[in-house]
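Before any comments, here is the structure.
Bear in mind these aren't lab numbers, they're just calculated from the coordinates by the rules spelled out. Source: prediction; values computed, not measured. No Cβ is skipped: glycine too gets one built from the backbone with ideal geometry, and neighbour counts run over all protein chains shown.
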Number of protein chains: 2
Amino acid sequence: MNKATKIPEPTIERLAIYARPLEELVRAKVEVISSEKLAQMCDVNPAQVRKDLAFFGEFGVRGVGYNTQDLLEAIRKILCSDRTWTICIVGMGNLGKALVDNENFKKRNYRFVAAFDSNPEMIGQQLSCGLTVKSFEDIVKTVLPLRIEIGIIATRPSKAQQAANLLMDAGVKAVLNFAPTHLRTPECCIVENVDFTVKLENLVYHLEEI
Amino acid sequence: MNKATKIPEPTIERLAIYARPLEELVRAKVEVISSEKLAQMCDVNPAQVRKDLAFFGEFGVRGVGYNTQDLLEAIRKILCSDRTWTICIVGMGNLGKALVDNENFKKRNYRFVAAFDSNPEMIGQQLSCGLTVKSFEDIVKTVLPLRIEIGIIATRPSKAQQAANLLMDAGVKAVLNFAPTHLRTPECCIVENVDFTVKLENLVYHLEEI
């Protein structure tokens, strides 16, 4: 597939979602899956699945389905998740600790290589993953030589902008922000915000429909 | 607006996203916002904003913009987030603790009224929010009389299905699942899965584009 083709944002997000059941199927040695079944597993319309996958050329065999292994590999290649990514994390409260232990990160080759906090009580603590929590002052000198491209912010809101600034000074290009605040970043840095209540509002909307 | 109108899923999700900067604007007493500016604040195409809002009738004044307060109230009404929702949570490890303390839940009228864990060391602990952690055996008898409609699962994967079954026995109709596992639930129960790595894969895809 050609990266010059402009792929719609929702398609990119759905590709990551299609990869989830495919991982399970490959593990269970199921070799072929129909678009209907995959759609059902992901709670997406089958026509949407076929349309999304058509962006990347011919995957499926009409009337048979997709080879699970081939499709998974192709999606990983498209999403660049076929390699290991190193991540640093700022904010080692309950959320930060939950994130470094989250099995999905490990399973998908995201590796935490540095952890930071501004709270003197946290600094120096050894985490269950083996990392030692460092101070904010250590961010640039730790992250820069490791060439870490992705940073996660899990601080309280009042510390998030400072964390973002330090990460950018350290050459980080992409930030996953869990702090409930808007970050000001230059154009060259990509920020994705995670807000749990967006999902909750979806749920509530559908709850009223029942 | 009429709930019979079938509103596309992505529109519902974006409405929750539009509400975020609108809350800030209302707080800052900014009375009017253009679709261009709102789109920019949410990282969405302006045409998309206008199209999404058009589902719900006439909000904006051409050439002027939207009244921030009116628009926010209308979105909240559509999403049913204009009332207080009570929630229970199962799994009081680091993630569970982070969730009950998350400011976005408080800010948006989601109130945690019960917390459960299967770990004997956790049961009986008093949380910073004031709740006391109860055992799995207490789920049905606690949740049922409180008529709680929404449950959050933040257990380890091996406990998630048991948690879901107990929540459904207790009359819960909607589950926000943070455990990295697929839950089997009857059709009448809505499940939204939260997988942080989906967002990360989005980031990584765009990182390769830079």
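Key figures
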{"quantity": "Unmet requirement for A:Asp70, which otherwise passes all of (1) touching a helix residue (DSSP H, G or I) at 6+ places or on another chain (Cβ under 9 Å); (2) more than 21 Å from B:Leu200 (Cβ to Cβ); (3) not in a strand (DSSP E or B)", "calculated": "(1)"}
{"quantity": "Boolean, B:Ala179 is in contact (Cβ under 8 Å) with a residue 12 or more places away in the chain, part of a helix (DSSP H, G or I) and within 23 Å of A:Phe178 (Cβ to Cβ)", "calculated": "no"}
{"quantity": "Residue that is farthest from A:Trp85 (Cα to Cα), among those in the stretch A:163-198 that are facing chain B (nearest Cβ under 10 Å) and among the hydroxyl-bearing types (Ser, Thr, Tyr)", "calculated": "A:Thr197"}
{"quantity": "Evaluation of B:Leu99 against (1) in contact (Cβ under 8 Å) with a residue 24 or more places away in the chain; (2) surrounded by 19 or more Cβ atoms within 10 Å (Cβ to Cβ); (3) farther than 30 Å from A:Ser158 by Cα (one fails), failing number", "calculated": "(3)"}
{"quantity": "Those residues of the stretch A:134-151 which are within 17 Å of A:Met122 (Cα to Cα) and within 22 Å of the chain's Cα centre (by Cα), in sequence order", "calculated": "A:Ile139"}
{"quantity": "Lone unmet requirement of (1) more than 16 Å from the chain's Cα centre (by Cα); (2) within 20 Å of B:Glu103 (Cα to Cα); (3) assigned to a loop (DSSP other than H, G, I, E, B) for A:Thr197", "calculated": "(3)"}
{"quantity": "Output for the stretch A:105-124, where each listed residue is touching a Ser or Thr at 6+ places or on another chain (Cβ under 7 Å) and either surrounded by fewer than 17 Cβ atoms within 10 Å (Cβ to Cβ) or acidic (Asp, Glu) (or both)", "calculated": "A:Asn109, A:Arg111, A:Val113, A:Gly124"}
{"quantity": "Any hit, the stretch A:86-100, residues being farther than 18 Å from A:Glu13 by Cα, of a type in the set (S, T, N, Q) and either part of a helix (DSSP H, G or I) or in contact with a Lys or Arg (Cβ under 8 Å, 6 or more places away or on another chain) (or both)", "calculated": "yes"}
{"quantity": "Subset tally (residues that are closer than 29 Å to B:Leu203 by Cα and not aliphatic (A, V, I, L, M)) for the stretch B:43-67", "calculated": "7"}
